[in-house]
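The values are calculated or read from the model by the stated rules, or taken from the named source; none is laboratory data. Here the structure is a predicted model, which is why all the values come from computation and not from measurement. Backbone-built Cβ (ideal geometry, glycine too); neighbour counts: all protein chains shown. SASA here: full protein model, heavy atoms, side chains in, ligands and nucleic acids out. Shrake-Rupley method; radii C 1.70, N 1.55, O 1.52, S 1.80 Å.
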Amino acid sequence: MTIRAAGLGWAVFPLLMFGAELAVAASAEKQRLHVPSPDWRDQIIYFLMTDRFNDGDPSNNDQGAGEFDSASEGKYSGGDLKGIAQKLGYIQGLGATAIWITPPVANQWWDAKTKYSGYHGYWAENFMAVDKHLGTLADYKALSHNIHSRGMYLVQDIVVNHTGNFFYYNGDWNANDPTKNFALNPDQTGQSAPSQAPFNMNDVRNPAHRKAGIYHWTPDVSDYNDKNQEMNFQMSGLDDLNTENRVVRDALRKSYGYWIREVGVDAFRVDTAFYVPPELFSDFLYSTNKKNPGVMNAAKQTGRKQFHVFGEGFGIDKPFTDVNAAKIERYMTAPNGKPILPGMLNFPLYGAMGDVFARGRPTAELGYRIDSMMKLHRRPHLMATFVDNHDVNRFLADGGQAGLKQSLLMMMTLPGIPVIYYGTEQAFTEQRAAMFSAGYKSGGKDRFDTTAPLYQFIRQITALRKNDRVFSRGMPTILQDNAATPGLLAYKMEYANDTAFVVFNSADSETVLDKLATELAAGTVLRGVFAIDAAPQDVVVGAKGLVSLKLPARCGFVWRVAPNSQRENASNTAPVAGFERSITLNALPNKKVQGDFLLSGTTNKVANFKLVVDGDLSNAQTITADAQGRWQATVDTGKMMDENISHQLVAWSELSQPSTLVTPIVSATAHFKVSRQWTVLSDLADPVGDDVGPSGKTVYPTDPGWRNYRQADIHHVRASGAGGALKLDLTMNSITTFWNPQNGFDHVAFTIFIEIPGKEGGTTIMPMQNASLPNGMKWHYRIRAHGWSNALFSSLGASATNEGTSTAPAADIRVDQAKKAVSFILSSASLGQLKSLSGVKLYVATWDYDNGYRPLLAVAGAHTFGGAMGEARGTGGEAENNPLIMDDTAVITLP
């Protein structure tokens, strides 16, 4: 979905020399456009935005409609189809086997109403023509030929829900009279309708057009929870097609069957699939219409028996829930069990990976998601998996490279078709920056560096997946995870007679792999086949099939059960008589405690050991037993916030043992919960109606989603503490969820600054907000959260344009819509292991965020704030020195 600024067995041919640019394509009669379908389970897709990837023909960049400016995020930048063809060696060298391109069709070039262009391809004006900025039909055929000549496959992005923004409602909408307040929206050339029939019949005031019923004559969606709006209204100004109309359905099949026959497209990705009825796809894919058959039948006519189609269903589930996942499955499987779309994008898995690997959530959330997707989805191996894309923040905008590597490795070792978003291999943080030197935010240089660390890393893990089908076709079983904190996540992949184990530590400190049950014979060797940033090491299975290990911070290991791998001397994993050593934990005083508590136990021939809570080995207490082997210790519960979470406690010894004992000494595991007692430290009212910015003249965007809601107006702020943990409760003027946001609120972003008393460093700068903190306050930690992001940063490296250094765990966000309240909870671990909040300073500011804080212009737009003062200097017309603050609190100092 892209609505930026509008809201949002063919033999493999010998490979050409890697990195060499391709020559002019072969003549048409020699072009290899049609090849048999691959097994899509084994493919790895590279997804690129054509306009932002590579410019192979600068002569087509500027079409003279004011739509081209490589310095502007909202305009065409110059990438084209020839540019992709020139870089196929680069893409294939990364390990990709297929290339997904954004829609190459002719688009609405410039929308003066929203001041944005259709460079991305999702604003069609002709579904059967190549956009002139991207090249010609001959260029597209040449690209297809060159892709297929490398044994690769072509995926085209398509749209069936809408066209560009050629009409709108300038005022209230009347369902009984859709002509009222209807207006056309001509572009710079005066074009106010698509050029392709029947989509050119878009003026409801024309009786013939209205009778044809090609469109739903409706305004913008204001509430995505309203089923009628979701199916029939415009997505942020994009003209909604009446897909119930047989004429529309016939035209869509004709349009997209054309690209299969003429260009040789091997698969489609369907944009905004959630906003048309699932029944449409039964017709679109399987219609037996002789003139314009369904695309599956059109593909069979070209020799493609497994043409793949996967849809976009933008829906991320809250932890341990499956509402959106179930909705996604409804688009793949009808109630009667009949298949519809072969696959969908796996948004719930994407969300869980980001939460765990970028934002420090407990790994049990990801363990649940993996288990759930295998139970809920009938064809999980055909779902497209991803780490980031053009509609969400880059992973590195919210997280670090260590977490990105873990996410990528997980994607390559789980069911699903991995999708690598262009630029991820070059550590991009900007969502849609260009790869070529003259393009948008390229920094003036090409970004096709095959020696880049992430390029080399991805090359290794794609090879891992391609070399072993246990990863592309296997079934996962979750073996261990952590319900309380970042840390251990371990799963097993099984396919035919092959077994692999994948283990992660998502924490920034050492953790323990505690008695992992492999169900293998003692002495079995697990062959190390991959490790993140380390040489892979073999592991020997211990007694009872258990494995216990110390795991480094942010590690990822992959082990294979090799044939005939059991050691001849299996006794290597068992203690020798006379050396039986053990650690025992006495029963806990209570299964639920209200704070720190005393624990005791005994040891046998172990003088020293570590008491490990929730796997955190780096912060474990070192315990010394007395002469009789007795010991006791106080367990610190300061980091434990949620009374529903079961915490784990284990005694762990790595002291030198006889060479015949290769595993640590580990006690039985104890479990407990903590009932946290919060103390209110500050309770302040904030003036009502002061959400007008520092100038007093800032106004909200004009889109109906903001109208009258004033979501950025803070009414009340309460800070509570529990040791070094912080809970901040904000009462707002309103809480809205129009766009089905992951975090439970939309149309507002919260930026929360925290100063730690006595801590070195810190800065007064408010990154990306054109402002500094009031009253000389400095921040050491900063939360930036909107409906789909929740990031925590330290001030290290922060500047006016740099958010600082991503850190974890991020805040736990809770929303009470009835009370209009949003709560942010930070454990002491998030604040540098604080013991007390005394002297901590807090400051909260509101605005809104969409791949960056939304612009502030002199006059408000549909999705831009208004009321900017001074000279406009930004590329989008914003006054760059205006603070991006709608409402804020006073600086709060906790007692």
Near the amide H of Ser509, under 5 Å away, which other amide H atoms are found, from residues 5 or more places off or on another chain, if H is placed in the peptide plane? Arg554
Mind listing the phi-derived Karplus ³J(HN,Hα) values for segment 277-284, rounded to whole Hz, using 6.51, -1.76 and 1.60 with θ = phi - 60°, and x for any glycine or proline? x, x, 4, 4, 6, 4, 6, 4
What is the distance, in nm, between label points placed 7 Å from the Cα along the Cα-to-Cβ direction at Asn170 and at His671? 6.5 nm
Mind ranking Trp173, Trp847, Trp217 by accessible surface for me, highest first, 1.4 Å probe? Trp173, Trp217, Trp847
Alpha-carbon Rg/Rh ratio, for segment 254-326, with Rh computed the Kirkwood way: 1.08
Cα-based reach from Lys592 at 19 Å (exclusive), listing aspartates and glutamates while leaving out same-chain residues under 8 positions away: Asp614, Asp636, Asp642, Glu643
For Met475, put the label point 7 Å out on the Cα→Cβ axis and report which residues of segment 407-437 keep their amide N under 17 Å from it. 414-416
Within the set Lys727/Lys759; Lys318/Lys841; Lys318/Lys544, which residue pairs have Cα atoms separated by over 26 Å? Lys318/Lys841; Lys318/Lys544
Can you list the lysines whose alpha carbon is less than 16 Å from that of Lys445, not counting same-chain residues fewer than 8 positions off? Lys87
Taking R0 as 45 Å and r as the Cβ-Cβ distance between Asp538 and Val247, the FRET efficiency 1/(1 + (r/R0)^6), rounded to the nearest 0.05, comes to 0.10
From the protein chains alone at 1.4 Å, what is the descending order of accessible area for Tyr140, Tyr368, largest first? Tyr368, Tyr140
Long-range amide H partners of Gly523 with built H, under 5 Å: Val541, Gly542
Accessible carbon and sulfur surface of the chain relative to its total accessible area, %, 1.4 Å: 50 percent
Just tell me which aspartates and glutamates come within less than 14 Å, Cα to Cα, of Lys132; anything on the same chain fewer than 8 places away is out. Asp51, Asp55, Asp57, Asp62, Glu67, Asp80
Pairwise Cα inverse-distance average, inverted: Kirkwood Rh of segment 170-322 (Å): 17.3 Å
A 28 angstrom limit on the alpha carbon distance is what I want to check against. Which of Lys30/Lys305; Lys492/Lys591; Lys639/Lys778; Lys82/Lys254 exceed it? Lys492/Lys591
Using a cut-off of under 15 Å, list every residue of segment 747-788 whose amide N is near the label point 7 Å from the Cα of Asn802 along the Cα-to-beta-carbon line. 762-768
In this structure, the FRET efficiency calculated for Asn228 and Asn467 from their beta-carbon separation, with R0 = 56 Å, to the nearest 0.05, is 0.65
Run the 1.4 Å probe and let me know the accessible area of Lys254, rounded to the nearest 10 Å². 90 Å²
How much accessible area per residue does the chain have, counting only protein heavy atoms and a probe of 1.4 Å, in square angstrom? 37 Å²
